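The values are calculated or read from the model by the stated rules, or taken from the named source; none is laboratory data. Everything numeric here is computed off the predicted structure, so don't read it as measured data. Using ideal geometry, Cβ is built from the backbone for each residue, glycine included, and neighbour counts are taken over all protein chains shown.
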Amino acid sequence: FTHFSPTCPVSLSVFQPLQLDCNRCAIVSNSGQMVGQKVGNEIDQSSCIWRMNNAPTKGYEEDVGRMTMIRVVSHTSVPLLLKNPDYFFKEANTTIYVIWGPFRNMRKDGNGIVYNMLKKTVDIYPNAQIYVTTEKRMSYCDGVFKKETGKDRVQSGSYLSTGWFTFILAMDACYGIHVYGMINDTYCKTEGYRKVPYHYYEQGRDECDEYFLHEHAPYGGHRFITEKKVFAKWAKKHRIIFTHPNWTVS
Ligand SMILES: *[C@@H]1O[C@H](CO)[C@@H](O)[C@H](O)[C@H]1NC(C)=O
Ligand SMILES: *[C@@H]1O[C@H](CO)[C@@H](O)[C@H](O)[C@H]1NC(C)=O
Ligand SMILES: *[C@@H]1O[C@H](CO)[C@@H](O)[C@H](O)[C@H]1NC(C)=O
């Protein structure tokens, strides 16, 4: 039985740490790689299904599945969920939401802008299962980045991605993880790679263009490519497989 450390996300309504006990997990990427993959049924057979930010299932079931057990959401994506609160917090009321964000937005003293939004949401939807990351959790995740890359996240001017927070949580909670639709660190330098939009559910910048922009942004970017290198390393120690596209980690 999985019992999280004191750094684990805490609930907004029941003031309890998150406890998850998953066997075979599926992490579904938001990437345009998911388009046309028709793995929805396979994904839905996993014991715990993880999604990120506001990635929809409605209208994309055949490719991405219909169930969501845990949704890990960035503080910047909370307003996107709140555009459709009846769907996310009422209809999808079996989903657990884990919101990550910096202390300035998540503080509980009335000045945390995102925390305040979530608090209001729980007042309106008392059954919504919303957990937030603690300050301790945030520095724990920064620490993992430093340990794995040798780089200080703050000094390098970058932000961790929602994928990073999802991975760390899922490695604690799952016996095995199947990641769908995530590209590896060399994908965008591979001859003849498949060009897809960054998200499966919206038109927009090409995925690799977005990755390069972020990786080289002097300030405020996500180090998506660096993070993928670390995920590949973790996959050697944990039961993690990546498909659509396939990674060969051995
Ligand atoms: C949970 O969602 C179902 C439909 O998805 C709905 O019938 C039910 O009333 C909801 N429960 C609560 C407590 O909101
Ligand atoms: C990708 O991996 C899956 C599962 O391991 C396998 O069934 C499939 O044949 C692989 N596809 C390619 C294109 O290698
Ligand atoms: C990374 O992805 C590329 C393109 O799909 C593939 O050719 C390569 O084998 C992958 N590398 C690893 C280590 O999985």
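So the values come out like this:
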{"read-out": "Pairs with Cβ under 9 Å, 6+ apart, first in the range 227-250 and touching a residue at least 12 places away in the same chain (Cβ under 8 Å) and under 27 Å from S158 (Cα atoms), second part of a loop (DSSP other than H, G, I, E, B) and basic (K, R)", "value": "P245/R194"}
{"read-out": "Whichever residue in the range 88-128 is surrounded by 14 or more Cβ atoms within 10 Å (Cβ to Cβ) and hydroxyl-bearing (S, T, Y) and, among such residues, is nearest to ligand 2 (Cβ to nearest atom)", "value": "T95"}
{"read-out": "Subset tally (residues that are of a type in the set (A, V, I, L, M, F, W, C) and either closer than 23 Å to A173 by Cα or touching a residue at least 12 places away in the same chain (Cβ under 8 Å) (or both)) for the range 101-113", "value": "2"}
{"read-out": "Criterion violated by T166 - all others in (1) in contact with a helix residue (DSSP H, G or I) (Cβ under 8 Å, 6 or more places away or on another chain); (2) under 17 Å from W234 (Cβ atoms) satisfied", "value": "(1)"}
{"read-out": "Close pairs (7 angstrom Cβ cut-off, 6 or more residues apart or separate chains): assigned to a helix (DSSP H, G or I) in the range 132-160, of a type in the set (V, I, T) and at pLDDT below 85 anywhere", "value": "K136/T7; R137/T7; Y140/T7"}
{"read-out": "Long-range neighbours under 8 Å by Cβ, at least six apart or interchain, first residue over 15 Å from Q19 (Cβ atoms) and part of a helix (DSSP H, G or I) within the range 163-175, second modelled with pLDDT of 90 or more and hydroxyl-bearing (S, T, Y)", "value": "G163/S29"}
{"read-out": "Scan of the range 20-50 for residues that are within 13 Å of the chain's Cα centre (by Cα) and closer than 11 Å to G181 by Cβ, ordered by number", "value": "A26, I27, V28, S29, N30, S31"}
{"read-out": "Filter pass, P79 being outside any loop (DSSP other than H, G, I, E, B) and modelled with pLDDT of 95 or more", "value": "yes"}
{"read-out": "Only one of V132, V122 that is more than 19 Å from W164 (Cα to Cα), hydrophobic (A, V, I, L, M, F, W, C) and either touching a helix residue (DSSP H, G or I) at 6+ places or on another chain (Cβ under 8 Å) or within 16 Å of ligand 1 (Cβ to nearest atom) (or both)", "value": "V122"}
{"read-out": "Candidate set from the range 102-116 (those that are in a helix (DSSP H, G or I) and over 20 Å from the mean Cα position of the chain (by Cα)); member that is farthest from L81 (Cα to Cα)", "value": "R104"}
{"read-out": "Close pairs from the range 71-100: first farther than 21 Å from P9 by Cα, partner within 14 Å of ligand 1 (Cβ to nearest atom) and β-branched (V, I, T), Cβ under 8 Å, at least 6 apart", "value": "P85/T121; P85/I124"}
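Here's the yes/no breakdown for (1) within 15 Å of ligand 3 (Cβ to nearest atom); (2) surrounded by 14 or more Cβ atoms within 10 Å (Cβ to Cβ):
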| residue | (1), (2) |
| --- | --- |
| H214 | no, yes |
| I225 | yes, yes |
| K229 | yes, yes |
| W234 | yes, yes |
| K237 | no, no |
| V249 | yes, yes |
